[in-house]
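Since the structure comes first, as structure tokens, the remarks are kept for the end.
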Amino acid sequence: MKRVIEGSHAVAEAVRLARVQVISAYPITPQTHIVEILSEYCANGTMNARFLRVESEHSALAALIGAQSCGVRTFTATASQGLALMHELLHWTSGARLPIVMAEVNRALAPGWNIWTDQTDSLAQRDTGWIQMYCEDSQEVLDSMLQAYRLAERVYLPVMVVLDAFYLSHTFEPVDVPTQEEVDRFLPPYQPRFQADTENACAFGQLVPPGAYMKMRHNIAIGMDEALKSLNEIQEEFYAIFRRRYNAVEAVCCDDAEIILVTSGTITSTSRLVIKTLRGRGEKAGILKMKLFRPFPVEMIRKAISHAKKIAVIDRNFSFGASGIFAQELRAALYNTPDHPPVFGYIAGIGGLDATVELIEEIYWKTKNTAFPDEESIWMGI
């Protein structure tokens, strides 16, 4: 059924449809609307779930670690400083192989205080062992949440579904909200591989010797590798029911493109307009939309951009002392390939600054008219 809802409510609808059993909430702008509506659903009986009001984001994830360890499907949401406060427990979640799903609304980190969109908060957690999916619109948000539960519960790793603050979280769009029966066909009840049980007592998270610890970390790495293959299979299963598909990367007009813009999140939608205009002028321009950041889909990226002469990565984030984070990852992915195109790294839209059609078109022309990047990061709009 088509409904006009905001991105935050698209998350909440997916959580309802996924039959989540435990929700922990510590509201922080701009994810507050997600847990607000879920609290209403739990209060009025729309959802049969336990709603936990905790005292911090650290506690929000700690509560889910306990609940998920007992064998139930869980959810929380956070942003910015809240995600930073969770950092310790992000490692615990993946190390314990708990398939927790979390919505993360990209918001800039302080200081100065800023409530607008910026990807640095989620990308700063790239080494914590969480699968990360970045969404372009509200339909993709709802669908990605449902897929995240299937994926997490298949490979036993947590998933972070990421959406831009305000541009997406607080913007209303038409969204096809599926029926409960359709979702039940796609997402079966959670069947934990192991769980805390008073009838069969055991200990979790105990001290392990170095050899066992390294093997555990190797198994997480294997799980990440499996996640990429599993996501492709899950996309096909999702498409069979809902007729929508989201690949780890989406190549737009890349077959003959000489210059490819690499984008993620809502900047992708604006870039689509730019590419359409440029194509109308005879420019051979394309887009590579990055949905999946962890695991990083190296082979898919290499294949998609193999014929390009130049790559322009638009990062709404920055790693101080290095460069934009997507640009770093892309350079690493291409490093061992012969004759790979030069990668231009652009920083745009930091702290919620608009990444306009004009700005993105300027990025295109700057890339076309420059033989090789003379700096690692080119800051736009300042």
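Counting only DSSP beta bridges with both residues in the chain, the antiparallel share comes to about 25 percent. Going by a ≥ b ≥ c, the root eigenvalues of the Cα gyration tensor, does segment 80-225 fall in the rounded group (a/c under 1.5), the prolate group (a/b larger than b/c) or the oblate group? Here segment 80-225 falls in the oblate category.
Length gained on full extension, Trp379 to Asn336: 12.8 nm, using 0.36 nm per residue less the C-alpha separation.
Kirkwood analysis of segment 273-326, using all unique Cα-Cα pairs, places the hydrodynamic radius at 13.2 Å. A helix-only calculation puts the chain at -13000 deg cm²/dmol for mean residue ellipticity at 222 nm, using -39500 (n - 2.57) for each DSSP H run of at least four residues, averaged over all residues. By the rule of a C-alpha distance below 25 Å, with chain neighbours fewer than 8 residues away ignored, the lysines paired with Lys289 are Lys229, Lys276, Lys303, Lys309, Lys310, Lys366, Lys368.
Legend: ranking of residues His58, His33 from fewest to most surrounding C-beta atoms inside 10 Å; resulting order His58, His33. Label sites at Gln195 and Thr171, each approximated as a point 7 angstrom past Cα along Cα to Cβ, lie 4.0 nm apart.
Rounded if a/c is under 1.5, else prolate if a/b beats b/c, else oblate: with a ≥ b ≥ c from the C-alpha gyration tensor eigenvalues square-rooted, which is segment 246-308? In terms of gyration-tensor shape, oblate. The convex hull of the Cα atoms of the chain, projected and averaged over all directions, covers 19.9 nm².
Taking other Cβ atoms within 10 Å as a rough exposure proxy, Asp197, Asp164 sort from fewest to most as Asp197, Asp164. Projecting the Cα atoms of Val298, Gly45, Ile131 onto the dipole axis of the chain, where Lys and Arg carry +1 and Asp and Glu carry -1 at the beta carbon, places Val298 farthest toward the positive end. Counting neighbouring beta carbons within 10 Å and listing from fewest to most, the residues Thr128, Thr32, Thr74, Thr179 come out as Thr179, Thr32, Thr128, Thr74. With r defined as the distance between the Cβ atoms of His307 and Lys366 and R0 fixed at 22 Å, what FRET efficiency is calculated, to the nearest 0.05? About 0.55, to the nearest 0.05.
Shape class of segment 42-112 from the Cα gyration tensor (axes a ≥ b ≥ c, square roots of the eigenvalues): oblate, since a/c reaches 1.5 or more and a/b does not exceed b/c.
Where a number appears in this text, it was derived from the coordinates with a stated rule and is not lab data. Predicted, not measured: the structure shown is a model, and the values here were computed from it. Neighbour counts run over all protein chains shown; Cβ positions are idealised from the backbone, glycine included.
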